[in-house]
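None of the figures in this text is laboratory data; all of them are computed from the coordinates on show. None of these values were measured; they are calculated from a predicted model. When we count neighbours, we look across all protein chains shown, and the Cβ atoms used for this are built from the backbone with ideal geometry, even at glycine.
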Amino acid sequence: MFVIVGAASAVISFLPKLSIEPSGTVRSQDPMGTVFQLGNDGPLPIWDIEALCYLEDVNTTTHNHFGGFGFENPNSHADKLSSGHKMTLPCMRWNLENVAASAKMDVLVSYRPIWALWHRHEAFLLEAEKARDGTWVWKSIPN
């Protein structure tokens, strides 16, 4: 019994742990002007990382909605992301300044753990809220 629990604990401790967070902005009045960082918080490196920014829903200032499309930025690829390191994810394809009242976006990440021959996929759902000063704040929404 202890061997099984120990083996399961060892496997879980070596699973990749990814995180995403805003790291700055190139256009503070535009929700899509935010630059994100993907972090490898796990103990091992990951390989062949691709990220896709997928705009789920934008509520406009005129109370219309649009979304349901995404794009892959050429700068959202890395061959390797070492443990404890971060990579920049620019999701700045559209300019929504003076258009968006709120926005939801998925950042879809594909990567290969060092010990696997296949890719894993993770989705990070984010929601943007406009602050009183007109800048945008992105927050993670639990899946």
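For this structure, a couple of remarks:
- Evaluated on the stretch 16-88, the Kirkwood hydrodynamic radius is 13.9 Å, with distances taken between all distinct Cα atoms.
- Average Cα contact separation per residue, the chain, under 8 Å, 6 or more apart, as relative contact order %: 25
- Between 0 and 90°, nearest 10: helix 2-13 axis offset from the chain longest Cα axis: 40
- Pair-distance distribution P(r) for the chain, from all Cα-Cα distances in 10 Å bins starting at 0: 11, 38, 28, 15, 6, 2, 0 percent.
- Qualifying chymotrypsin sites (Phe, Trp or Tyr not before Pro) for the stretch 56-143 [loop in DSSP, other Cβ within 10 Å: at most 10]: Trp115, Trp118
- Of Lys17/Lys80; Lys80/Lys104; Lys80/Lys130, those spanning more than 26 Å from alpha-carbon to alpha-carbon: Lys80/Lys104; Lys80/Lys130
- Helix-derived mean residue ellipticity, 222 nm - over the chain, DSSP H n ≥ 4, -39500 (n - 2.57), to 500: -2500 deg cm²/dmol
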